[in-house]
Every structure is written in C-alpha cells, then in structure tokens.
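Take a look at the structure below.
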Amino acid sequence: MNIHIINPLSDPRWDDLVDRHPEASVFHQRGWLEALARTYGYKPLALTTSAAGGPLSDGMVLCKVSSWITGTRLVSLPFADHCEPLSSGQGEAADFMGRLRKECDRQRWRYVELRPLSGAPGMGDGLRPSGSYWTHELDTRPNLEVIFQALHKNSFQRKIRRADRERLSYEKGTSELLLDDFYRLVLVTRRRHHLLPQPRTWFRNLLECLRDKIQIAVARKDGVAVGAILTLRHRSTIVYKYGCSDKRYHNAGAMPFLFWKLVEEAKATGAEKIDFGRTDLDNEGLIRFKDRLGTSRKMITYYRYSCEKEQKAVAGWRSRGFHGFCSLLPDTLFSTAGGVLYRHIG
C-alpha cells in the first residue's frame, strides 16, 4: 500500500477529513497543530493512503519534536490527552506503523509515540506500552437534575450551593482580560504544586488558532478572579483541558461552580459528553475528584516504537527539587522557565 506524507497545516483535505471522521477529536484540528507549531516549533505531518487530487480517506497525524535535551522523536500528538489514527477500516494503521518504523530506524530518532484511545491492535510488532492513564468522561445527555444528583454531595452539590450563597460571578469568552486572569491563576496553581507553568504564548496561540472551538471561563468573588477553566470543543464533545484556582478562596466553591456551569452550557449547546482528560494512575486525589463528578473512567495506554534501547534523557530538570526551586522565582522568570523547557517535553 502506498503511503503519502502531507502537511496538515497547508493541505485543505485534512480539515475535511477531521470534520467528517467519527474518531476525530479537537486534537486533530488544524488549530491545535498550528498552536503547537507556533509555540514550540514542532513540525506536524500526516500519513495517508490517499493520493494527491482526491479527498483523504484516512490519516495519522504526528509532530516531529527535536530537542537537544530529550532527543528527536515523532509524537501523536504533543500535549494531547489522546489522538486516534483516523482509519477507513482497511487496516492502514499497520501500514502507517511500518513506514514509521523504517523512518525511525533510518533517521535514528529516539522513538515514535502513539496516544490512541482504543489501544494499538493491528499496528504491527515493535510497539511497546510507554505509559497508562485514566481518562474520565461525563455523559451530558441525561437531564440536569439526574446529573446533579450523581455529583458527590460534599465535594460538589454542597459547594455549588455554597458558591451561590457567596454570590460568585461568572464570565466566559476569549478576551485578553480573561486570558490575563486565567494565566495569573495558572502561575498561582503551578507554583502551589511545584510544577513549571506552560508559557503564556501557548494559551494565546490556542485562542488565536482554535477561535470558536475554545473558551475560558472565570469565577469571581467580589470582582477578583478566584478560579478558571479552559475548554475545547469538537462537534458534540467538550474537552476540559486546563483548570486553575486561588487556594485562598477554595471554601467559596469556585471550581465546583465552574464545572457545574460547564455542564449547564453543555446541555444548552447540545454537547453529549465532557472529556475530562487523562490523569496519572498515582494521582489519587485528582482521580477521586473526577470520579465525584459522576464520570465514567477507563484506562488508556500510550505506545512507543524505539529503533534501539532508549538512552535515558537528561532527567535533572524533571526532578521535584528543580521544579521546587523554579517555583520560588518571580512570576516573569517562572513563566520564562516554563517557556524554555516545555518545548523539550512534547
């Protein structure tokens, strides 16, 4: 089977495939790929069996990540929770992987990583599990009362009512003011957890590239932003991607308030589910939090092909001590450190 390589940023057929393929997600969209390219310099490409001149019947999208710290590799896709190969059901995945294995060996890339939702059957030998995570999903088709009653009484129901008593206000959109509020809370939250923040340019590029497919929502107490979430949308699926808050106002119920607003808006706009993303298996607190939203969860596994035994990448900058040190930096330097190092993660 002939495999062709296209640039999904310049080939209009990619947009058409993403619009109509049932397995496509927001992470397949041109906006996500363009934001990755603008922010981190990653180079997107897609494999397809469709020749030039006709519509695409299938495609596997990846980004080339080149780093002097973590090596050169192909990832499908960087910073995406999952990215399913868009197949026509003719077994293209195995052919795609055959081509990728050859290129990985020839170019001596560190590895090729796939992040499918439904496992990696039929993709051929050489793929090995590289990590597993829980994903959580909320079915928003039942009526609001049913969804509310499924929420944990203490963690969500009472806090949503508390937010009403606290008279939290709510604002949503993509304005620069909302981005300012959101990013200030990102810095506060990442510092609290001793984690480097994503660069501000990443969020600005997402807003510019995804346009009507992205939204920031902010909860305020007496005019002060105390919690915020950033969500993405593809067809009938909303993806909760980022959340942040000011710990001093946790008793006011800002985050449960925002999640309930998200559910109400999902119902109002005809969304059928909310994807709450991946969670590390050892992050028991976050797993419990998402479970208490009334979600269902399943395990997903990422897979890698390596041309040779992987050399361990320089790991010092990943250490808790390093992140703890960075969390002591002033906001500008803290954000800059995240901007410099995030491009090496992918």
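Throughout, read-outs are computed from the coordinates displayed, never taken from laboratory work. Nothing here was measured: the structure is a model prediction, and the numbers come from that model. Neighbour counts run over all protein chains shown; Cβ positions are idealised from the backbone, glycine included.
Numbers at a glance
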{"quantity": "Summed side-chain charge close to Tyr183 - residues other than Tyr183 whose Cβ falls under 10 Å, Lys, Arg +1, Asp, Glu -1", "calculated": "0"}
{"quantity": "Rounded to the nearest 20 debye, dipole of segment 256-295 from Cβ charges on Lys, Arg, Asp, Glu", "calculated": "140 debye"}
{"quantity": "Fewest-first sequence of Val188, Val340 by Cβ atoms within 10 Å of each Cβ", "calculated": "Val340, Val188"}
{"quantity": "Stretchable slack from Arg20 to Arg184, in nm (0.36 nm times residue separation minus alpha-carbon distance)", "calculated": "55.3 nm"}
{"quantity": "Exposure proxy order (Cβ contacts within 10 Å, fewest to most) of Arg108, Arg204", "calculated": "Arg108, Arg204"}
{"quantity": "Cα-derived Rg over Rh, computed across segment 136-301 with Rh taken as Kirkwood radius", "calculated": "0.93"}
{"quantity": "For the chain, the longest site-free run once GluC sites (Glu not before Pro) in DSSP loop states with at most 16 other Cβ atoms within 10 Å are removed", "calculated": "24-271"}
{"quantity": "Sorted by Cβ density within 10 Å, fewest first, the residues Cys307, Cys83, Cys104", "calculated": "Cys307, Cys104, Cys83"}
{"quantity": "Theoretical gain in end-to-end length, Val146 to His194 [0.36 nm per residue, Cα-Cα removed]", "calculated": "13.5 nm"}
{"quantity": "Within segment 160-192, trypsin sites (Lys or Arg not before Pro) in DSSP loop having at most 10 other beta-carbon neighbours inside 10 Å", "calculated": "Arg167"}
{"quantity": "Inter-site label distance for Ser118 and Glu284 at 7 Å from Cα along Cβ, in nm", "calculated": "3.5 nm"}
{"quantity": "Max mean-square fluctuation residue, GNM over the chain, Cα-Cα springs under 10 Å, options Gly173, Gly253, Gly53", "calculated": "Gly53"}
{"quantity": "Phi to ³J(HN,Hα) by Karplus 6.51 cos²θ - 1.76 cosθ + 1.60 over segment 163-179, Hz, x for Gly, Pro", "calculated": "4, 5, 5, 6, 6, 5, 9, 9, 9, 9, x, 9, 6, 5, 5, 5, 4"}
{"quantity": "Cα-centre dipole for segment 138-191 with unit charges at Cβ (Lys and Arg positive, Asp and Glu negative), debye to 20", "calculated": "380 debye"}
{"quantity": "Whole-number D in µm²/s for the chain (Stokes-Einstein; Kirkwood sum over Cα pairs; 4 °C, 1.567 mPa s)", "calculated": "61 µm²/s"}
